[in-house]
Structure formats: structure tokens, C-alpha cells
Amino acid sequence: MKKEELYLMLGLMVFALILVVFGVINPAVFPFVVLGTLFSCFNTPARACEDCVTDERNKVVHVAFVKRGTTISSSSIASNILSAELAGNAYVIRNVSGTYDGGSPSYGKGLGKQVQRLLAKKHTLSFIDFSYVANAQFWADLEQQASNYDVYFFTDTQVWIQTNAYLSIDAKGAITDDNQTFIEAPITVTWSYKSNPINYSADVDSLSTCQQLFNGDVTSFFNVSGSTGTIITGVTDEIDLTRNVSSLNARLQTGVNISSVSVLDGTLPTGLTLSYSGPYITITGTPTQAAGTYTVVIKAANSVGVAGQKTVKFVIS
């Protein structure tokens with residue numbers, strides 16, 4: 001035994017003795033604490049004894065990829081992941097059909113009388129992404145960056161977590177010759193880790209529907225910095241302008257940082273410009289469009305694709 005290891009063990013024993021003196025540790029268990037300090041390299045297994053078994057339905061229903069280093073609390077995992085998605089730090093692949101293989105062990109030579117020693121396990125998570133057609137580019141990009149993420153996968157009421165492992169992702173956009181079926185892309189996530197993913201209870205159903213970046217029904221544009229347009233707020237905002245006269249500087253606060261903004265439907269009147277900065281959508285300019293009413297749907301999204309939209313009616317006189 002090295003001198004440093006001996007000093008460490010002695011220090012732990014002294015610390016345990018102090019805890020006994022102050023009543024933190026029962027004196028009867030002190031010898032076991034000492035033995036555990038001397039001879040144990042791992043956590044002591046703690047098993048939950050159940051008179052009524054906790055059943056959990058099979059099938060992976062959602063998968064989340066969370067940027068490594070993102071804080072996710074075990075007491076509110078689903079809500080934390082939704083917040084991370086809004087912040088651009090997580091992707092949630094919703095309503096999948098998947099399996100997890102439980103891990104395939106790899107063994108090496110045993111220590112002493114041990115027949116063999118567990119070195120690692122290869123883990124495989126497989127699922128179908130039913131939205132592959134809209135996300136082929138997403139998977140092409142994520143395949144190259146998989147090692148930057150932790151994986152969380154969800155069954156009926158549980159989340160299963162694998163952090164600090166280096167993921168590999170293989171997305172197969174296979175297309176068959178049966179035009180009575182639809183494209184269903186099998187996604188395979190693999191990693192090597194000595195232990196299995198740990199599970200916690202989670203609000204799984206809260207992940208079932210896509211988040212909105214903002215709710216356009218209750219969020220409206222407002223005038224800033226000398227804007228002379230008149231804004232009537234509502235589910236559809238009305239912005240009244242005078243052709244070649246009114247100077248518009250209107251903003252909408254989304255609450256989260258935006259990475260893109262576009263006109264989803266309709267055409268923005270000439271003379272007006274749509275832009276974004278931080279959490280704001282901005283419309284500026286002086287309209288040169290002919291008098292009339294023009295309705296547009298504006299869409300904004302964050303860096304991971306969570307989007308919201310707002311309908312605006314321009315009335316130009």
C-alpha cells in the first residue's frame with residue numbers, strides 16, 4: 001500500500017471516529033464503517049424491498065439529447081428538459097417507438113480467484129423517428145456531434161439517464177419500394193459504459209406535444225423608439241400605417257433568444273423589414289406598398305427548432 005493511500009484511509013477512519021463521538025454514527029456500526037473504508041472500492045448496493053412490485057410498461061416513447069454540462073435536477077427532469085429545449089440546450093424526439101437492449105457486457109481477466117471482471121457494457125438504444133422526412137438534415141448534423149450530448153429516454157412513467165458517456169448515432173433514412181407504407185427511419189444510439197442507465201419517476205406525458213417558443217395568441221407587438229404606427233393588439237395584431245409617411249419600429253418579446261425569423265404565410269408590405277435580436281422580433285421601416293390590408297404570419301425559432309408564430313394585419317392608408 002502506498003504511503004498516500006495509507007494516510008487517506010487513516011484520515012477517513014479518524015473522521016468516522018469523530019462522527020461517533022458526536023453521535024452521528026452509531027458506535028455499533030463503527031467497525032463496519034472502518035472495514036468499508038479499508039476494503040470497498042464501490043458504493044454499497046442499496047435495494048428497495050417491495051411487497052407490491054412497481055410495474056413499468058415496456059417501450060421507449062420519447063428520447064432527449066441534452067448538451068453535456070446542462071443541469072438537470074432528478075426531482076423535475078421533464079420540466080428541466082423542456083426548459084433546456086427552450087434555451088437551445090436540448091432536443092426532444094417525441095412520440096417514438098423504441099427499445100433499449102439492457103447492455104452487452106465485455107469481460108477481462110478476473111482479479112485473483114475471480115473468474116472474470118466486468119470491464120464495460122455496450123448499450124444500444126433503438127427507436128423509430130416518424131418525423132424523419134422533416135428532420136433528415138437534423139440527423140445528419142447530430143450524427144457528427146453526438147458525443148457532445150447526454151441521452152435521456154422515457155418509458156411510461158420513468159426516465160432512464162445516461163450522462164458522461166460518448167454517444168454514437170446512426171440514423172438510417174431507409175426507403176422501401178412499398179408505396180402503401182410510409183418512411184420510418186430507424187435511429188440507433190450506442191455507447192460504452194460500465195453500468196446501466198439510472199431511472200427516476202418523470203412527468204412523461206408533458207413531453208408528448210411540441211413546445212411553443214411563444215404563444216402568439218397572447219403576445220403582441222409594441223411600439224418603440226419614436227414609432228408612429230398604431231398597433232391594436234389581439235390574437236391578430238393590427239398595425240395601421242400611412243403610406244410613405246409612417247415610420248414603424250415595433251417589437252415582440254418572445255422571452256427566449258431567437259435564431260431565425262421568417263414570414264410563414266403572406267407577404268410583408270414593401271418598405272418594411274423583419275429582423276430579430278436576442279428575444280425580440282422587430283419590424284421596422286416606412287411602407288411604400290399601395291394602400292390596402294395585408295395579413296402575414298411571422299414565425300420565429302430558437303437554435304434547436306422550437307418555434308412560435310404571430311399573425312399581423314397591416315392596414316395601409
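A few comments on the model shown:
- Screening Phe214 with (1) crowded, with 18+ Cβ neighbours inside 10 Å; (2) modelled with pLDDT of 95 or more; (3) part of a loop (DSSP other than H, G, I, E, B) gives one miss only, at (2).
- Exactly one residue out of Gly102, Gly88, Gly173 is surrounded by 14 or more Cβ atoms within 10 Å (Cβ to Cβ), more than 18 Å from the chain's Cα centre (by Cα) and outside any strand (DSSP E or B), and it is Gly173.
- Residue tally, condition acidic (Asp, Glu) and surrounded by fewer than 19 Cβ atoms within 10 Å (Cβ to Cβ), over the stretch 138-153: 2
- Residue within the stretch 47-64 that is within 9 Å of the chain's Cα centre (by Cα) and either assigned by TED's automatic domain parsing to the domain that holds Ser126 or buried (at least 19 other Cβ atoms within 10 Å of the Cβ) (or both) present: yes
- Qualifying residue in the stretch 111-130 (condition: part of a helix (DSSP H, G or I) and surrounded by 12 or more Cβ atoms within 10 Å (Cβ to Cβ)): no
- Every residue from the stretch 122-161 that is closer than 23 Å to Ser201 by Cα, over 17 Å from the mean Cα position of the chain (by Cα) and β-branched (Val, Ile, Thr): Thr124, Thr157
- Of all residues assigned to the stretch 231-253, none qualifies as being at pLDDT 95 or above, surrounded by 14 or more Cβ atoms within 10 Å (Cβ to Cβ) and on the phi > 0 side of the Ramachandran plot.
- Within the stretch 198-211, the set of residues being in a helix (DSSP H, G or I) and either without any contact (Cβ under 8 Å) to a residue 60 or more places away in the chain or of a type in the set (S, T, N, Q) (or both) comprises Asp205, Ser206.
- Only one entry in Val312, Val304 is closer than 30 Å to Ser74 by Cβ and touching a residue at least 60 places away in the same chain (Cβ under 8 Å), namely Val304.
- Subset of the stretch 154-170 (residues that are surrounded by 15 or more Cβ atoms within 10 Å (Cβ to Cβ) and in contact with a Ser or Thr (Cβ under 9 Å, 6 or more places away or on another chain)): Thr157, Gln158, Val159, Ile161, Ala165, Leu167, Ile169
- Residues (surrounded by fewer than 14 Cβ atoms within 10 Å (Cβ to Cβ) and not hydroxyl-bearing (Ser, Thr, Tyr)) located in the stretch 185-209: Lys194, Asn196, Ile198, Asp205
- The stretch 176-197, subset part of a strand (DSSP E or B) and hydrophobic (A, V, I, L, M, F, W, C), residue farthest from the chain's Cα centre (by Cα): Ala185
The values are calculated or read from the model by the stated rules, or taken from the named source; none is laboratory data. Model, not experiment: these values are computed from the prediction. With ideal geometry, Cβ positions are generated from the backbone for all residues, glycine too; neighbour counts draw on all protein chains shown.
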